[in-house]
Every structure is written in C-alpha cells, then in structure tokens.
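Asker: Sharing a structure here in structure tokens format.
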Amino acid sequence: MTVTEPTYKTIAAKKLKERDEKFIKEWLIAEDQLPDQSVKDVTKFIEKNNLLTPSEVEITESDAPTIVGNIKSKKWRAVQVMEAFGKRATIAHQLTNCLSEIFFEEGLQTAKELDEYQDKTGETKGPLHGLPFSVKDNFNVKGHDSTIGMVNLSFKKVDNDAVLVDLLRKLGAVLYVKTNVPVAMMMPETNNHIFGNTTNPMNRALSAGGSSGGECALIRMKGAPIGVGSDIGGSLRIPASFQNLYTLRPSFGRFPTYGCTSGLPGLESVNSVNGPISTSLESMELYCKSIIDSEPWLHDGKVIELPWRDVELPSKLNIAVLVDDGYVRPTPPIRRGMKIAIDKLKEAGHDIIEWDGSDHVEMAKIIGKFFLSDGGHHIKQITEPTGEPFFEYMKGYESAQDLGVPGLWKLHAERTSMMKKFLDKWNNTSSKTANGKPIDAIIMPATPFAGSPNHKFRDYVGYTSPFNLVDYSAGIIPVTRADKDLDPKDPVCTNYSNSDKMIWEDYDPEETHGGAVSIQIVGRRLQEEKVIKMMKVVSSLLDDEI
C-alpha cells in the first residue's frame, strides 16, 4: 500500500499527549530541577536531591518481601506504598522516558481497597498484598492500550486483563504503569515512533536495551520493586544486563502468557516467555513462587502443571564458561566481568570447564529466520496504513520473504536436530568434570558490550537467542561497572565477522564508563528453581559496586 501523506506522526503525537496528561502534577518535578544531558548517571539523582521524603526513600529502597511484610504488620499501608512508588516512577520517567501507559489513580484506588479489606478482615488478600507491580507494555491491562510501540495500535484499549495480570490482582498486587518497548518488541533497544527512546539511567548515553528496556529502566531507578518483561530472543536478559538487574528467562510453559499482545502473533516456532525483573533475587523468588503456587495451569492451557520445587544444590557446582563465542568478541568491560566471576568461582572451589559455543551462531541464525518466516506480513499489515516507517534495525521485516509451510517445516526439523545436539553436548560434559557429572550451568556474557551507545546495538543477539531456541532457563547476575581506566579499547579488532568489526569500532571507554557489567547463567530446560539458587550462589561471591 502506498501512503501519500503519513498519518503516523499525528496519531503518535495525540497518543503521547494522552499519556502525559495522566501524570499526577504534584508528583512531577519542575523542568529546571532536571539534570541536563551531560549528567549521565542518574541512579542516585532522586536521593541526592531530596526529591522524596525519608519514609518514601525507605519504602522504595526496600525489596518485595520487606514491603509485603511491613504492609501485613501495618507498619506501612498499601496507599502509602503506592504513593511512594508512584512518585518515584514519575521522576524515573522524567529522567529516562520509561513509561508508556499510566494509571496511577487506578493504583491508588486498588491500594485503598486493599487497606480497607485488611482493616475489615484482619487478613491480607494474598502473598503480594499491596505490592506495586509494573508490567511491560505487551501485558494487556483492561481499559488501556497495548501499543507495543506501533502507532496503529494506539487508542485500541483492551477489554480484558492478560492471565498473568489477572493472577497478580488476585494475589494482591497493585498495578499502576506499563513500560516502553521498541517497535513490535523486536529491537534490542527501546525506541519507537510514539514514545521515543528510553535511556539507560546508569549512563544515559547508552541504550536501555530491549525489548524490556522501559521496564528495566524503571526498576533500575527503583520506580517499582519488581516488574515483568518478556523474552523471545533476549528481551529480558539484554536490558537487565545493560542495567545491572536480576532477571529470569524461564522455559515456556512455566508462567502464563495468554492474553498478551504479540509483535508476531501465532509464531510458535520459538515461544515468547515472561519473567520477573528486580534489583533483588529475593523479590524474584517471591514472585515466581506466588505465581506458580496460584496454579496458573488452571488459567492458561499452555502452562505446565509443575509446582514450585525446593531444590538442593551440590556444595560445589560444575560450571562451563564461555567468554568469547568466536563470532563477536565481547568488549573489554564484559571480559573483565567474566574474569571476576570465574576467579571468584574457582576460589570458592567450584569446578570450571570451558564451553564450546561454536554452534551458537547457527542457532542464532535459525531464530532469526523464524522471526522473518511470515515475510514480515503481520508487522507490515499494522505499519502500512499509517505510513509508519521502519527503523534501520527493522528493515529485515520490510524485505523478508514468506517461507511458506514447506520452508517452515524444514526449519523446524533443523531446530529439533539442533536441540538434540545441544542436549548431547551438555550431557557429554560429564567426561570433563572432576566428579564425572554433567555441568549444572553455563556462565557467559549476555551481550558483547556494557550497554551499547544509543541507536547502535547493531545486529547480533547470539549470546542470548540460542537459549530461546533450546528453551533453557537463564538468568542475569550483576557483576560490576565499566571503567574507562580499567577497560581500554583493544588496539586491534579480532575481525571474526562484520558484526565484530562494527562493535569494536563503536566501543569507546569514555562513552561506556559507568555502564553495566553483568553475566548470564544458563541452566537446563524447566530448571527455574535451580537457576535462581545458582544465581544466589554466584551473586554472593561478587562484592563490586553495581
């Protein structure tokens, strides 16, 4: 379809205006109080400038178990907690542009009703009673849009909550915002034609990552104690690794996905999954246990009936490590972070072996083919009527060719064969470990960089997407921060690939200074409990400032 006069700018401007009018004016800080763009690190800006009361700071600095515990004891009330996080989320947005949908008034009303329920019954509504929750834009919340960064989906308010949102409400959670995403959630940095770019609060010259970038920016600024994002190729792990947050990419079927808006609806060759994001592993664990204890398999036909399990780890873990996949060499801060983690694990007596990642590139390529397998039909169908142009990273959807059923079936067979080879390779590590048992986990980077410069992610998600292909559980653990003095640029590019060359050229120690350095830990399929426990073990060994 040819559009002679694009309408996307007009629609986007109207939608942006609608969002901005929903802020509570008393919670906004004056423009002249905001730092200019030369101030890169804004993670401590709220505290340093006394923008919240001491009580509000205490509340928003607390983890989820502490918050629900204090509400249960009535030290804090749900309304008090909601107001504190609403104010902090507002300022976080002013600093990073992280929000897409705002419904503070609804959140305050929910909190009021929870307080009244507690006063009347003497009981709390559930394990998440009064806990503020933010969700990524794709989670349908009744009465609000799920634009997923696409102009044509503005002003199409949904009629029903997603299953996960409904469960959160029943468990006592308070929903109050949704967070920004890239177009169709298919870019690894968060930018779109409606709400614009979300920046990284650790260094605003760097991307927040994507597609759960808005969610991660809000959590990093402590505008929510916990949030939920989604991952189809790295969309939880990339932004969490860019902002030194904890996250869990679960296997498909562990948490409900029904009722979410998808950028590629009907794509089941590789499934999108959702998982928690937080500054606290204890908060993540509370979320996981609460959702699974609510028996989500009774509400979503694709959830596996698998209760939350108590897992006991061996005293010494078998861990395979991959520092460099041979296609894109990680930049110096990431390699330093890997060395810190490996050295600490060895000092603690864990058995460390090398992991062969030579097949990861092929796995990443298969994932990429799945994303384009409909010839970009769905995305073009939504963008063309408004004349919305494609971002450079999305150009593949503009030129993609429909694989057709025979081509898709052939690709499925390749995927299944690759999954079996990967499983065998994992099992065969028993021949390399000291105790003769297979590895418990792989530890490796999530991306080659400590936050990429805005609009320069390039084209490689080969450190995350292979685990979407095999559907393994994976988490992110913060390690340290990039340091211009400790992480000088490599004098010569390794020249593995064109992607490798571009990333080497983009890396600037000065520009990346203060960026996040995280690592990825991968467990087997459906081993979410074990992955979280292993994250706790590894995290306890790391004591750098993050």
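Asker: For the list (1) over 21 Å from Ala450 (Cα atoms); (2) of a type in the set (A, V, I, L, M); (3) part of a loop (DSSP other than H, G, I, E, B), I need the number of the one condition that Met284 fails.
Answerer: (3)
Asker: Additional query: If you check Glu189, Glu215, which single one turns out to be farther than 26 Å from Leu131 by Cα, among the charged types (D, E, K, R) and either surrounded by fewer than 24 Cβ atoms within 10 Å (Cβ to Cβ) or within 12 Å of the chain's Cα centre (by Cα) (or both)?
Answerer: Matching residue, one of Glu189, Glu215: Glu189.
Asker: How about region 306-359: which of its residues are closer than 21 Å to Ala434 by Cβ, surrounded by fewer than 21 Cβ atoms within 10 Å (Cβ to Cβ) and of a type in the set (Gly, Ala, Ser)?
Answerer: Across region 306-359, the qualifying residues are Ser315, Ala348, Gly349.
Asker: Can you tell me which residue among Gly475, Gly462 is touching a Leu at 6+ places or on another chain (Cβ under 8 Å) and crowded, with 22+ Cβ neighbours inside 10 Å?
Answerer: Gly475
Asker: Just checking, does region 480-491 include any residue being within 30 Å of Pro307 (Cα to Cα) and touching a residue at least 40 places away in the same chain (Cβ under 8 Å)?
Answerer: Looking through region 480-491, none of the residues is within 30 Å of Pro307 (Cα to Cα) and touching a residue at least 40 places away in the same chain (Cβ under 8 Å).
Asker: A follow-up question, please. Out of all the residues in region 18-57, which are surrounded by 10 or more Cβ atoms within 10 Å (Cβ to Cβ), of a type in the set (Lys, Arg) and closer than 30 Å to His144 by Cβ?
Answerer: Arg19, Lys22
Asker: In region 517-537, is there at least one residue being under 20 Å from His350 (Cα atoms), β-branched (Val, Ile, Thr), out of contact with any strand residue (DSSP E or B) (no Cβ under 9 Å at 6 or more places or on another chain) and outside any loop (DSSP other than H, G, I, E, B)?
Answerer: Checked region 517-537: at least one residue is under 20 Å from His350 (Cα atoms), β-branched (Val, Ile, Thr), out of contact with any strand residue (DSSP E or B) (no Cβ under 9 Å at 6 or more places or on another chain) and outside any loop (DSSP other than H, G, I, E, B).
Asker: Is it fair to say Arg458 is in a loop (DSSP other than H, G, I, E, B), among the charged types (D, E, K, R), within 24 Å of Ala320 (Cβ to Cβ) and in contact with an Asp or Glu (Cβ under 8 Å, 6 or more places away or on another chain)?
Answerer: Answer is no for this residue.
Asker: Kindly check whether there is at least one residue in region 106-116 that is in contact with a Ser or Thr (Cβ under 9 Å, 6 or more places away or on another chain) and of a type outside the set (A, V, I, L, M).
Answerer: Scanning region 106-116 turns up no residue that is in contact with a Ser or Thr (Cβ under 9 Å, 6 or more places away or on another chain) and of a type outside the set (A, V, I, L, M).
Asker: Moving on to the next point. Does Tyr472 count as assigned to a helix (DSSP H, G or I), in contact (Cβ under 8 Å) with a residue 60 or more places away in the chain, assigned by TED's automatic domain parsing to the domain that holds Ile366 and more than 19 Å from Gly326 (Cβ to Cβ)?
Answerer: no
Asker: Now for a separate question. Quick check on my filter: what residues within region 438-455 are in contact with a strand residue (DSSP E or B) (Cβ under 6 Å, 6 or more places away or on another chain) and either crowded, with 24+ Cβ neighbours inside 10 Å or in a loop (DSSP other than H, G, I, E, B) (or both)?
Answerer: Result: Ile439, Asp440, Ala441, Ile443, Met444, Ala446, Ala450, Gly451, Ser452, Asn454.
Asker: Related question: So if I check each of Leu51, Leu108, which one is outside any helix (DSSP H, G or I), assigned by TED's automatic domain parsing to the domain that holds Asp20 and more than 22 Å from Pro276 (Cβ to Cβ)?
Answerer: When all the criteria are applied, what remains is Leu51.
Asker: Has region 398-406 got at least one residue that is at positive phi and either among the aromatic types (Phe, Trp, Tyr) or surrounded by 13 or more Cβ atoms within 10 Å (Cβ to Cβ) (or both)?
Answerer: No, there is no match, as no residue in region 398-406 is at positive phi and either among the aromatic types (Phe, Trp, Tyr) or surrounded by 13 or more Cβ atoms within 10 Å (Cβ to Cβ) (or both).
Asker: On to the next question. Can you find, within region 157-183, the residue that is farthest from Gly229 (Cα to Cα) among those that are of a type in the set (Gly, Ala, Ser) and touching a Phe, Trp or Tyr at 6+ places or on another chain (Cβ under 8 Å)?
Answerer: So, considering only residues that are of a type in the set (Gly, Ala, Ser) and touching a Phe, Trp or Tyr at 6+ places or on another chain (Cβ under 8 Å), the one farthest from Gly229 (Cα to Cα) is Ala173.
Asker: Where in region 156-250 are the helices (runs of 4 or more DSSP H), entirely inside, with at least 3 residues that are within 28 Å of Val79 (Cβ to Cβ) and modelled with pLDDT of 95 or more?
Answerer: In region 156-250, the matching helices (runs of 4 or more DSSP H) lie at 163-170, 213-220.
The values are calculated or read from the model by the stated rules, or taken from the named source; none is laboratory data. Quantities reported herein were computed from a predicted structural model and do not represent experimental measurements. Note: ideal-geometry Cβ built from the backbone for every residue, glycine included; neighbour counts use all protein chains shown.
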